[in-house]
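The structure appears below as structure tokens.
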Ligand SMILES: NC(=O)C1=CN([C@@H]2O[C@H](COP(=O)(O)OP(=O)(O)OC[C@H]3O[C@@H](n4cnc5c(N)ncnc54)[C@H](O)[C@@H]3O)[C@@H](O)[C@H]2O)[C@@H](O)CC1
Ligand SMILES: [K+]
């Protein structure tokens, strides 16, 4: 792949960009063991870090009763080491070990914990009294559905009120797809071990993961690159990577046209606000020149809200959509074109007219619906320059019915659609995924449900268009800029929700938080 994950300054930043499957984790782990690290020593090291983290989260008060759930594999082994340490620190510990057949190393830890007098149970009832539950039933070794008694006991446990900390993954969550295998623990917090597993970046498992946190245990980067390759094929978008990608510093001798010229084509009589919001998103990107094509009758409105933009009034259809661009518009003048918000499907002609543009084209909202009517894949394959699509799941299904069959595995679905269409596709969701024709895949790890609100996508389209229009640093790919826009948009939402509540993140406010969050992150 030719997409580059930036060279961040420190190990933690590099680790934070990495995402692995269960198989890759096994292979990385295998290299460490082969190099001489004893399995038991690694388990001890990891589990001591987990125990220390749990103690800092839940310091010992007068009486702290901790229930530890122990499964048959090394996830259970980790949990037993944690149980032992908490016991030594003075916590009252009890252990739920429902399966008798367990791995050898786990059984040693089990025997030792029993010898210390820690009580063992094979039913969950007594754990209702616990102040905290630690879940070490299954980690990345879970292969099949959890069924039978353990399944029922997990369902019961999920109804109780005490916090649950899951080790590595919530037991029952598939490491790669995030799917619930039969039943799963609903964790308050999950301590992911060593490297981020794919499940943390999938929408499906989110409700089970709770707050996610990575416990680093010093996996050598060389072992990671040996298995994943470098640059990696799937990357989490982090603050370091995103800030590196933003056009934060301009050349001293620049002028407005050197800072990019974005053409936004959006809005209709029916959805005039969408044009304003896209314009505000584009404005926050810092783009040198912003032109906005809208139906002629909306011109005064747009000038009022965006006096800095060049407003292009267009002929209207009887329904008040853009009929066509005026003859005076020369598409070769723009460094990027973004089209879609508020258009309505009546703006078909104008969307068709920009397919030939020889600059990156961003299509959103009704432009996507129009594209779906025109036969998505052949239309996209005819484009000579890059096309970026920003569908939500509903739009994605209309655009790529074949790829949509892979849903709810969003990562596989978006990757396939991108490979088939050669477009960069940003699939919106709690964990937005950006695929670049099978080359690279970026995932946005943090967001907020506050962004699930009419108009917030319009801000994103404008922001993304404005970023893409600007001169791109040589080493950055277009997909990474798209991911940076999505990351920035999400961060603005997170900060706005923190300061104003999730109810207070209307799109206009969101647009104002774009620069505000940037300043906060830079400081
Ligand atoms: N990757 C690493 O480098 C490290 C991994 N460690 C821990 O090891 C874990 C992985 O350990 P394992 O590979 O032993 O896997 P798990 O502990 O996740 O569980 C696998 C065991 O459960 C059984 N099993 C799978 N599905 C089942 C089902 N539905 N019902 C009943 N039994 C089922 C398997 O036969 C196997 O014995 C990680 O999640 C992590 O907690 C740490 O101890 C140390 C470092
Ligand atoms: K677990």
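Suppose the filter is more than 30 Å from residue 28 (Cβ to Cβ), in contact with a helix residue (DSSP H, G or I) (Cβ under 9 Å, 6 or more places away or on another chain), without any contact (Cβ under 8 Å) to a residue 60 or more places away in the chain and assigned to a loop (DSSP other than H, G, I, E, B); does residue 186 pass it? Steps first, answer last, please.
Values: more than 30 Å from residue 28 (Cβ to Cβ): no; in contact with a helix residue (DSSP H, G or I) (Cβ under 9 Å, 6 or more places away or on another chain): yes; without any contact (Cβ under 8 Å) to a residue 60 or more places away in the chain: yes; assigned to a loop (DSSP other than H, G, I, E, B): yes.
Against the criterion (more than 30 Å from residue 28 (Cβ to Cβ), in contact with a helix residue (DSSP H, G or I) (Cβ under 9 Å, 6 or more places away or on another chain), without any contact (Cβ under 8 Å) to a residue 60 or more places away in the chain and assigned to a loop (DSSP other than H, G, I, E, B)), residue 186 does not qualify.
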Seminar exercise, completed: Across (1) touching a strand residue (DSSP E or B) at 6+ places or on another chain (Cβ under 8 Å); (2) over 30 Å from residue 419 (Cβ atoms), residue 235 clears everything bar (2)
For this session: For the range 288-304, enumerate the residues that are part of a helix (DSSP H, G or I) and surrounded by 19 or more Cβ atoms within 10 Å (Cβ to Cβ).
Result: 298, 302
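Is there a residue in the range 70-77 that is over 25 Å from residue 125 (Cβ atoms) and modelled with pLDDT of 95 or more?
Scanning the range 70-77, I find at least one residue that is over 25 Å from residue 125 (Cβ atoms) and modelled with pLDDT of 95 or more, so the answer is yes.
To keep it simple, each residue is scored yes or no on (1) assigned by TED's automatic domain parsing to the domain that holds residue 185; (2) exposed (fewer than 15 other Cβ atoms within 10 Å of the Cβ).
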position	(1), (2)
12	no, yes
23	yes, yes
28	yes, no
35	yes, yes
38	yes, yes
41	yes, yes
52	yes, yes
63	yes, yes
66	yes, no
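Can you name every residue in the range 126-153 that is more than 16 Å from residue 189 (Cα to Cα) and within 12 Å of ligand 2 (Cβ to nearest atom)? Before the answer, list the steps.
Within the range 126-153, the subset more than 16 Å from residue 189 (Cα to Cα) is 126-130, 140-153.
Listed by number, the residues that qualify are 140, 141, 142, 146.
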For this session: Kindly provide the set of residues from the range 161-183 that are near ligand 1 (Cβ under 8 Å from one of its atoms) and out of contact with any strand residue (DSSP E or B) (no Cβ under 7 Å at 6 or more places or on another chain), ordered by number.
Result: 181, 182
Exercise. Just checking, how many residues over the range 127-149 are in contact (Cβ under 8 Å) with a residue 40 or more places away in the chain and assigned to a helix (DSSP H, G or I)?
Worked result: 3
For this session: Output the residues belonging to the range 87-99 that are touching a strand residue (DSSP E or B) at 6+ places or on another chain (Cβ under 9 Å) and away from ligand 2 (no atom under 16 Å from the Cβ).
Result: 87, 91, 92, 93, 94
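Could you pull out the residue among 150, 102, 134, 118 that is touching a strand residue (DSSP E or B) at 6+ places or on another chain (Cβ under 9 Å) and buried (at least 21 other Cβ atoms within 10 Å of the Cβ)?
134
The values are calculated or read from the model by the stated rules, or taken from the named source; none is laboratory data. This is a predicted model, so every value here is computed, not measured. Note: ideal-geometry Cβ built from the backbone for every residue, glycine included; neighbour counts use all protein chains shown.
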